[in-house]
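Q: Here you go, one structure.
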Amino acid sequence: MTIIPNRNDVLFGRGYLVNTHPGNNNFRTVVEMYKPKFLQAKKRREKRDIVTQVVNEVANMQPSGRFLMESSQDQQNSMAVESFEGLDTSGVNPSLLKKQWVRVDDE
């Protein structure tokens, strides 16, 4: 199934198109908002809860943001993606909030 990413979808991958996608820019903004709280959290459970809040922020955008990656089954269509709906945040690595994100502004 081919999904056309909307402006709030977070695209997994690398490269210019992924890095400059509006949903990825929104995601980096949300991560920056939660980063101080995350860095102050002492317990793993607290950090996991903050990651859940970040995922929920994306999901509650209008239109709803999804976490998508290129489908390995459709190499000819670079916009073919798979959705991670129902993402289990207990398996999400909280280190995403420790990374140094770089914002790429549109020229």
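Q: Anything in the stretch 55-74 that is touching a helix residue (DSSP H, G or I) at 6+ places or on another chain (Cβ under 6 Å) and assigned to a loop (DSSP other than H, G, I, E, B)? List them, or say none.
A: If the condition is that a residue be touching a helix residue (DSSP H, G or I) at 6+ places or on another chain (Cβ under 6 Å) and assigned to a loop (DSSP other than H, G, I, E, B), then Gly65 is the only one that fits.
Q: Scanning the stretch 1-18 for residues that are open to solvent by less than 60 Å² (accessible area, probe 1.4 Å) and in contact with a strand residue (DSSP E or B) (Cβ under 9 Å, 6 or more places away or on another chain), which turns out farthest from Gln62 (Cα to Cα)?
A: Gly13
Q: Also: Can you tell me how many residues in the stretch 34-54 are surrounded by 12 or more Cβ atoms within 10 Å (Cβ to Cβ) and assigned to a helix (DSSP H, G or I)?
A: Qualifying residue count, the stretch 34-54: 13.
Q: Same structure, new question: Would you confirm, using the coordinates I've provided, whether Val30 is assigned to a helix (DSSP H, G or I) and within 18 Å of Ser64 (Cβ to Cβ)?
A: yes
The values are calculated or read from the model by the stated rules, or taken from the named source; none is laboratory data. Everything numeric here is computed off the predicted structure, so don't read it as measured data. Cβ sites come from the backbone with ideal geometry, for glycine too, and all protein chains shown count toward neighbours. SASA here: full protein model, heavy atoms, side chains in, ligands and nucleic acids out. Shrake-Rupley method; radii C 1.70, N 1.55, O 1.52, S 1.80 Å.
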